[in-house]
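The values are calculated or read from the model by the stated rules, or taken from the named source; none is laboratory data. Nothing here was measured: the structure is a model prediction, and the numbers come from that model. Cβ sites come from the backbone with ideal geometry, for glycine too, and all protein chains shown count toward neighbours.
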Amino acid sequence: MPADPSRTGRPLVAGPGAPDDSSGPPESWEAPRERWLSTVIRPAFGPRSVLLEVVTRLLIPPILLFSVFLLVSGHNQPGGGFAGGLVASMAYVLRYIAGGRHELLAGLPMRPNGLLAIGTLMGCATAGLPLLAGRPVFDSVKREFTLPVFGEVKLLSALLFETGVYLIVVGLVLSVVAALGARMEAEEEEARIEKRERTALLRRRAAARAAAPPPAPPTTGEEPPR
């Protein structure tokens with residue numbers, strides 16, 4: 001059954017003077033969605049799976065939210081920066097499996113080296129700032145305040161250190177995944193490019209042979225009888 005033009009907002013048959021709006025955003029839910037993740041680059045290890053991309057898009061937000069919960073509640077309950085960082089890393093590893101290293105890097109707010117640097121600075125600041133106030137290293141400071149919905153909240157300076165550990169774990173795991181994945185995907189991409197070039201060369205040779213004129217018959221130098 002053809003789509004109703006009044007619902008899609010576009011004519012069924014585009015004439016010569018009709019504007020081409022295929023590059024613009026979809027105007028209705030009937031318009032197909034081109035991709036579910038950020039990039040459209042095909043990973044070197046195989047075609048992209050739409051089902052895996054949909055599952056990845058649905059799972060990453062709750063996984064990251066759970067990792068933040070582990071980070072915040074880890075001081076008095078099971079969790080902490082290390083456990084939260086591992087959980088957050090698994091979300092990005094799932095993104096790497098769905099779309100390759102290009103999709104992994106596209107989903108990060110910054111490069112893994114930047115996460116490592118910021119996490120290290122936060123850990124060092126937590127250790128060194130108490131010395132400026134004449135206190136021992138890693139001395140914890142507690143602040144209590146009241147929020148409208150959550151009530152009384154206790155904020156410890158140890159949370160800054162746990163956040164640094166969180167970023168270090170995420171940056172380290174993603175650095176390893178990106179490094180190993182880049183090497184594997186580079187080899188696969190080189191093999192795929194070499195195969196594509198070989199196929200194109202064979203096609204050009206076949207087309208050249210087909211377009212070449214047939215060879216002339218050999219001449220013996222004798223005139224044909226009259």
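A few points about this structure:
- Note on region 1-116: enclosed helices (runs of 4 or more DSSP H) holding 3 or more residues that are in contact with a Lys or Arg (Cβ under 8 Å, 6 or more places away or on another chain) and modelled with pLDDT of 50 or more are 50-73, 81-106.
- Filtered by the rule that a residue be outside any helix (DSSP H, G or I) and either farther than 22 Å from Phe82 by Cβ or in contact with a Cys (Cβ under 9 Å, 6 or more places away or on another chain) (or both), region 120-140 gives Ala133, Gly134, Arg135, Pro136.
- Some residue of region 183-201 being at pLDDT 85 or above and farther than 21 Å from Pro109 by Cβ: yes
Each row is one residue, and each column tells you yes or no for (1) under 18 Å from Leu180 (Cα atoms); (2) surrounded by fewer than 19 Cβ atoms within 10 Å (Cβ to Cβ); (3) in contact (Cβ under 8 Å) with a residue 60 or more places away in the chain.
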| position | (1), (2), (3) |
| --- | --- |
| Ser73 | no, yes, no |
| Phe82 | no, yes, yes |
| Leu94 | yes, yes, no |
| Arg101 | yes, no, yes |
| Leu108 | yes, yes, yes |
| Gly119 | no, no, no |
| Cys124 | no, yes, no |
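- The lone exception for Phe150 - which of (1) at pLDDT 75 or above; (2) on the phi < 0 side of the Ramachandran plot it fails: (1)
- Residue in region 160-168 that is modelled with pLDDT under 75 and either farther than 23 Å from Gly107 by Cα or of a type in the set (Lys, Arg) (or both) present: no
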